[in-house]
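All remarks here apply to the structure that follows.
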Amino acid sequence: MYSRPQRLLGEALEFSYLRHPLKTAAIFNEKEYSYTELKECSENLAYHLINAGIEKGDRVAIYMNNSWQCIVSIYGITLAGGVFLVVNPQTKANKLNYILNDSGAKVVISSGNLQPELLRAIEGLNEIKELIISEASLPIDLDISLINFEEITAKVESAILPRIIPNDLAALIYTSGSTGFPKGVMMTHQSMVFTSWSLIEYLRLTENERIMLILPLAFDYGLYQLIMAITIGGTLIIEHSFNFPPTIFRKIEQLKPTVFPGVPSIYAMMIATHKKTGITFDCIQTITNTAAALPEEFVADLKKIFPNAIIFKMYGLTECKRVCYLEPELNDVKPNSVGKAIPGTEVFLLSPEGNRVGPGEIGILHVRGPHVMAGYWNNEELSNKMLKTGSIPGERILCAHDLFKMDDEGFLYFMGRNDDIIKTRGEKVSPVEVENIIYKIDGIKEVAVIGIPDVILGESIVAFITVYDKVTLLEREIMKECMANLEPFMVPQKIILLPEMPKSSNGKIDKAELKNSLKG
């Protein structure tokens with residue numbers, strides 16, 4: 001039977017609904033939701049947004065935990081022609097305020113447990129016209145329209161859906177920037193649809209998959225678990241996080257997922273449990289890892305925990321979602337490689353002068369393909385730094401600014417990062433952002449935050465600090481302030497008080513010397 005090709009992100013939901021209207025699309029809090037329920041709730045939200053004045057291209061922010069409501073919001077915004085941005089629910093009010101202001105979001109969808117932080121964040125933001133809140137008693141002392149999420153997704157409205165084309169913007173994915181301010185990666189429908197099918201192809205996914213989501217939907221790795229599940233007509237098992245491993249282990253035994261995406265810190269905890277209890281999960285058929293390199297020594301233990309699973313090592317960055325992957329059959333043959341370019345794309349390495357480097361030589365990674373971002377929202381200067389002119393007139397190629405080697409068979413080997421961004425627990429952390437919080441503490445003179453290699457975390461965060469004369473500050477006092485004002489993954493693992501900071505000849509703090517001091 002003829003079926004038209006998918007061109008838009010929201011069409012995946014329509015196509016899977018037509019094939020499997022009664023099949024379980026998502027499981028959340030032990031309740032199963034069908035494709036019919038997901039389609040109807042998403043359409044009702046879309047109609048409400050359109051009737052509330054949302055036009056094609058308007059930004060709508062989602063600030064909530066992984067949940068049924070969150071995935072309905074993503075598809076509801078998409079069907080309405082809006083541009084969705086999912087903000088990590090651990091984000092504090094000051095950073096949330098920046099993201100909402102930068103994106104120009106007109107509507108925020110959130111949940112009752114996050115209301116206190118949200119209400120502080122929206123102070124002074126005149127662009128926001130409506131708050132849609134799930135599972136909450138709504139305050140009445142605001143000038144902004146307040147709507148109950150459950151009421152509007154259950155209410156059948158009508159509206160004319162806008163005409164969307166593949167070139168239209170679908171999402172902004174905010175990620176940490178070296179300036180200390182998050183940057184919004186612009187992704188079109190075309191790039192996200194292409195990427196989802198490329199991932200599905202090399203991961204060998206079928207409509208029988210049950211994908212476990214324990215990564216935040218604000219993280220592109222988590223977001224694409226949803227997109228892939230809906231695209232193939234599979235089932236997404238939604239969990240808030242991996243904060244309580246025994247709960248996740250019970251859910252795996254109970255719900256029998258077939259795909260388990262994780263990061264090294266998650267796998268490290270699972271390996272530690274396995275060594276104590278011998279726990280194994282026979283139902284898992286596919287393991288994926290990205291965000292930080294999977295240590296070679298983890299692989300043998302993962303094969304014991306997941307005896308029936310194939311293991312995919314991958315590398316990517318938000319600006320193109322995924323760069324490369326290693327076929328599971330090659331894990332032992334190419335143990336240190338992150339593989340080759342994903343289907344439909346090309347990668348190559350250039351010297352700082354712009355010349356191609358040969359096999360075994362270190363070069364700067366460049367990426368070609370439909371998955372490359374359209375640029376950074378409201379930041380043309382930074383967009384031009386990352387997107388370079390290609391050989392075809394008008395084409396823009398992504399410069400990852402990361403260092404790699406490529407062997408004579410085309411396999412990539414990650415050699416290091418060419419910027420200051422720290423990757424820890426699968427998240428990007430801007431040192432400047434952490435430094436800015438510490439600088440707010442009375443008595444702080446200088447701060448330098450660095451990342452150092454960590455087998456479990458990818459990189460651990462270390463903050464070097466000096467204080468003014470006659471000021472006494474304890475590490476635990478500084479740590480307390482960090483925990484109060486930063487997302488948990490941004491809190492330094494170690495704080496080191498110094499009498500003086502090492503400086504370079506131009507007067508800047510010498511972070512290289514600080515890193516070297518830890519080696520001794």
Mind checking which helices in the chain clear 20 Å along their axis (Cα) and have mean Kyte-Doolittle hydropathy of 0.0 or more, DSSP H runs only? 189-203
Sorted by packing (mean other beta-carbon atoms within 10 Å per residue), highest first, where do 309-318, 118-127, 390-399 land? 309-318, 118-127, 390-399
The extension gain from GLU151 to THR273, computed as 0.36 nm times the residue separation minus the Cα-Cα distance, is 39.7 nm
Computed on Cα atoms, the radius of gyration and Dmax of the range 273-375 in angstrom are 16.5, 54
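Could you sort the peptides 449-460, 148-159, 15-26, 466-477 by per-residue average Cβ neighbour count (10 Å cutoff), highest mean leading?
Details: 449-460: 19.0, 148-159: 14.7, 15-26: 17.3, 466-477: 11.5.
Put in order of decreasing packing, that is 449-460, 15-26, 148-159, 466-477.
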For LYS39, list the lysines whose Cα falls under 23 Å from its own Cα; do not include residues on the same chain fewer than 8 positions away. LYS23, LYS31, LYS56, LYS155
How much mean residue ellipticity at 222 nm does the chain get from its helices, if each DSSP H run of length 4 or more adds -39500 (n - 2.57) and you divide by all residues, to the nearest 500 deg cm²/dmol? -9500 deg cm²/dmol
Rounded to whole Å, √(5λ) for the Cα gyration tensor eigenvalues of the range 381-477, largest first, gives 37, 18, 9
Extended-chain gain in nm, criterion 0.36 nm per residue less alpha-carbon gap, HIS401 and GLU296: 35.4 nm
Show log10 I(q)/I(0) for the range 422-519 at q = 0.21, 0.22 Å⁻¹, two decimals, from a solvent-free Debye sum over equal Cα scatterers. -1.10, -1.20
Space enclosed by the convex hull of the alpha-carbon atoms of the range 10-144, per residue, Å³: 103 Å³
Determine which lysines satisfy two conditions relative to LYS276: a Cα distance under 24 Å, and not lying fewer than 8 residues away in the same chain. LYS251, LYS256, LYS303, LYS304
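Over all directions, what mean area does the Cα convex hull of the range 242-413 project, stated in square nanometres?
Numbers: hull surface 47.7 nm².
Its Cα hull, projected and averaged over all orientations, spans 11.9 nm².
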Quick numbers on the range 153-239, Rg and Dmax over C-alpha atoms in Å, give 15.5, 45
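For THR466 and ARG7, FRET efficiency with R0 = 56 Å and r from the beta-carbon atoms, rounded to 0.05?
Working: r = 56 Å, r/R0 = 1.00.
The value I calculate is 0.50.
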Through the Karplus equation 6.51 cos²θ - 1.76 cosθ + 1.60, θ set to phi - 60°, convert the phi angles of the range 350-362 into ³J(HN,Hα) values in whole Hz; use x for Gly and Pro. 10, 6, x, 7, x, 9, 5, 9, x, x, x, 9, 7
Of 51-58, 193-200, ordering from highest average Cβ density within 10 Å down gives 193-200, 51-58
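Å³ per residue of the Cα convex hull, for the range 204-336?
Working: hull volume 13.6 nm³, N = 133.
Each residue corresponds to 103 Å³ of Cα convex hull volume.
Run the numbers on the chain and let me know its relative contact order in percent, using alpha-carbon pairs under 8 Å that are six or more apart. Don't skip to the answer; put the middle values down first.
On the way: 1069 pairs, mean separation 57.6, N = 520.
It rounds to 11 percent for the chain.
Which length gain, in nm to one decimal place, applies between GLU477 and LYS388 when the Cα-Cα distance is subtracted from 0.36 nm times their residue separation? Spell out each step's value before the answer.
Numbers: separation 89, 0.36 × 89 = 32.04 nm, distance 4.49 nm.
Going from the current span to full extension adds 27.5 nm.
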Considering amide H positions built from the backbone, and no H for Pro or chain starts, which residues 5 or more places from GLY390, or on another chain, come under 5 Å of its amide H? GLU395, ARG396, ILE397
How long is the chain along each principal axis, judged by its Cα atoms, biggest number first, in Å? 66, 59, 59
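Read-outs: derived from the displayed coordinates by stated rules, not from any lab. Fair warning: this is a prediction, and the values are worked out from it, not measured in the lab. We place every Cβ from the backbone using ideal geometry, glycine too, and count neighbours over all the protein chains shown.
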